[in-house]
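Single-structure report; data block below.
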Amino acid sequence: AKKQSKLSAFFTMR
Amino acid sequence: MLELRLVQGSLLKKVLESIKELVTDANFDCSSTGFSLQAMDSSHVALVALLLRSEGFEHYRCDRNMSMGMNLNNMAKMLKCAGNDDIITIKADDGGDTVTFMFESPTQDKISDFEMKLMDIDSEHLGIPEAEYHAIVKMPSSEFARICRDLSSIGDTVVISVTKEGVKFSTKGDIGSANIVCRQNTSVDKPEEATVIDMNEPVSLTFALRYMNSFTKATPLSNTVSISLSNELPVVVEYKIAEMGYVRFYLAPKIEE
């Protein structure tokens, strides 16, 4: 099964 | 002091309709570049980035950079009171806690102003690096909306795969499965009806259809949509706003556990 990833896994918080 | 006059006020109405489902509260940032917004949905899975460039406004005065926190549902309620042909002016004082939307009818015989309370929002800004995408698909926005709507009646997720053959949208659900393939067709009469596939590498990613359907609320903003995909990266679904800028939606993929 696939899991929903979050944007924070790809983009850095500024 | 901030004063932004937008002759084609309907654009702002459409922008709000396109993002208010995804995001509840957001900071609008105003600078010499333009009027912009970056906000994530509450689950931090999707992000909307809006830019309306200053050159697209008939009058654009922004004495100092300002960030205005607004409840998008309330803002949409106010903008719904503007006629589709109305000129919309956004006004705010430095350090004030309200924003005023002024609507002028095209013949100047009706002028309304609506004042809305601003709010303090702790916003988390994400740094989005410029990326080289493996594949960029440009297609009619209405076609993309139709595909997302059709597939969501069958399943909850969509697999978007780009190969030399074209772009394939697939889903599976309890009642069965569906595949929709769109091939490149640049020989159509009007450029906005074309599907153009620019692929460097084949790519296949899985996304939640609920978010994709929410992005298609931006369909009235543009005849075409571009979908930028890279393996292992969020997809970018972009609707260009004529002469002014864009609304971009980023969506994190579903990945193997």
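Pairs of alpha-carbon atoms within less than 8 angstrom and 6+ residues apart define the contacts here; what relative contact order does the range B:111-226 have, in percent? Could you put the intermediate results ahead of the total?
Values: 184 pairs, mean separation 39.5, N = 116.
Relative contact order for the range B:111-226 comes out at 34 percent.
Sort all Cα-Cα distances of the range B:114-194 into consecutive 5 angstrom bins from zero, then give the percent of pairs in each bin up to the one containing the longest distance.
For the range B:114-194, the pair-distance distribution reads 3, 11, 16, 15, 13, 12, 10, 9, 6, 5, 0.
In the range B:29-51, whose amide N lies under 20 Å from the spot 7 Å out along Cα-to-Cβ of B:Arg61? List them in ranges.
Inside the label zone: B:29-36.
Which value at 222 nm does the protein assembly as shown reach when only helices count, each DSSP H run of 4 or more adding -39,500 (n - 2.57), with the total divided by all residues and rounded to the nearest 500 deg cm²/dmol? Could the numbers behind the result be given before it?
Details: 4 runs with 37 residues, N = 271.
The helix contribution divided over the protein assembly as shown gives -4000 deg cm²/dmol.
Cα-based Rg (one decimal) and Dmax (whole number) for the range B:181-234, in Å?
13.1, 36
Under a plain spin-label model, where a point goes 7 Å from the Cα along Cα-to-Cβ, how far apart in nm are B:Asp85 and A:Gln4?
Output for this residue pair reads 4.3 nm.
What percentages make up the Cα-Cα pair-distance distribution of the protein assembly as shown when the bins are 10 Å wide from 0?
The distribution over the protein assembly as shown is 7, 28, 33, 21, 10, 1, 0, given as percents.
How high is the relative contact order of chain B, given as a whole-number percent (alpha carbon pairs under 8 Å, six or more residues apart)?
Numbers: 598 pairs, mean separation 53.7, N = 257.
It comes to 21 percent, rounded to a whole number.
Would you please give the FRET efficiency between B:Ser31 and B:Glu115, computed as 1/(1 + (r/R0)^6) with r the Cβ-Cβ distance and R0 = 22 Å, to the nearest 0.05? Don't skip to the answer; put the middle values down first.
Numbers: r = 23 Å, r/R0 = 1.04.
Rounded to the nearest 0.05, the efficiency is 0.45.
Tell me whether the range B:75-138 comes out rounded, prolate or oblate; compute the Cα gyration tensor, take square roots of the eigenvalues as a ≥ b ≥ c, and use a/c under 1.5 as the rounded threshold. All intermediate terms of the calculation are to be shown ahead of the outcome.
Numbers: a/c = 3.41, a/b = 1.55, b/c = 2.20.
Oblate is the answer for the range B:75-138, as a/c is 1.5 or above yet b/c matches or exceeds a/b.
Between B:Ala131 and B:Asp174, what FRET efficiency comes out of the Förster formula 1/(1 + (r/R0)^6) with R0 = 45 Å and r the beta carbon distance, rounded to 0.05?
Numbers: r = 36 Å, r/R0 = 0.79.
About 0.80, to the nearest 0.05.
Can you give me the relative contact order of the range B:1-152 as a percent, contacts being Cα pairs under 8 Å and 6 or more apart? Walk me through the intermediate numbers first.
On the way: 260 pairs, mean separation 39.0, N = 152.
Rounded, it is 26 percent for the range B:1-152.
Say we join alpha carbon atoms closer than 10 Å with springs in a Gaussian network model of chain B; which of B:Ser43, B:Ser214, B:Ser123 then has the biggest fluctuation?
B:Ser43
Grab the beta carbon distance between B:Ser153 and B:Glu232, set R0 = 30 Å, and tell me the FRET efficiency rounded to 0.05. Could you put the intermediate results ahead of the total?
Values: r = 29 Å, r/R0 = 0.97.
In this case the efficiency is close to 0.55.
Once phi is turned into ³J(HN,Hα) by the Karplus curve 6.51 cos²θ - 1.76 cosθ + 1.60 with θ = phi - 60°, what whole-Hz value does each residue of the range B:101-107 show in order, with x for glycine and proline?
9, 10, 10, 10, 6, x, 8
I want the local charge near B:His44. Using Cβ-Cβ distances under 13 Å, sum +1 for each Lys or Arg and -1 for each Asp or Glu among the other residues. Intermediate results must be reported in sequence, preceding the final value.
Numbers: positive: A:Lys6; negative: B:Asp41, B:Glu124.
Neighbour charge sum, excluding B:His44 itself: -1.
Hey, what angle do you get for helix B:10-19 against the long axis of chain B, alpha-carbon based, 0 to 90 degrees rounded to 10?
Result, in degrees: 50.
Using the Cβ atoms and a cut-off under 13 Å, what net charge is assigned to the surroundings of B:Glu124, where Lys and Arg are +1 and Asp and Glu are -1? Don't skip to the end; give the middle numbers.
Details: positive: A:Lys6, A:Arg14; negative: B:Asp25, B:Asp41, B:Asp122.
Counting the neighbours of B:Glu124, the net charge comes to -1.
Loop only by DSSP, 14 or fewer other Cβ within 10 Å of the Cβ. Give me the GluC sites (Glu not before Pro) in the range B:110-139 that pass, ordered by residue number.
On the way: sites: B:Glu115, B:Glu124, B:Glu130, B:Glu132; in loops: B:Glu124, B:Glu130, B:Glu132.
The qualifying sites are B:Glu124, B:Glu130, B:Glu132.
What is the helix-to-structure angle for B:141-152, meaning the angle in degrees between its Cα long axis and the longest Cα principal axis of chain B, kept from 0 to 90 and rounded to the nearest 10?
60
Mind grabbing the base-10 log of I(q)/I(0) for the range B:100-257 at q = 0.11, 0.16, 0.20 Å⁻¹? Debye formula, identical points on the C-alpha positions, no solvent, two decimal places.
-0.54, -0.94, -1.33
Can you give the net charge of the other residues whose Cβ lies under 9 Å from the Cβ of B:Ile197, counting K and R as +1 and D and E as -1?
Details: positive: B:Lys138, B:Lys164, B:Arg183; negative: B:Asp198.
Charge balance near B:Ile197 sits at +2.
Bear in mind these aren't lab numbers, they're just calculated from the coordinates by the rules spelled out. Everything numeric in this text was worked out from a predicted model, so none of it was measured. As a convention, Cβ positions derive from the backbone with ideal geometry for all residues, glycine included, and neighbour counts pool all protein chains shown.
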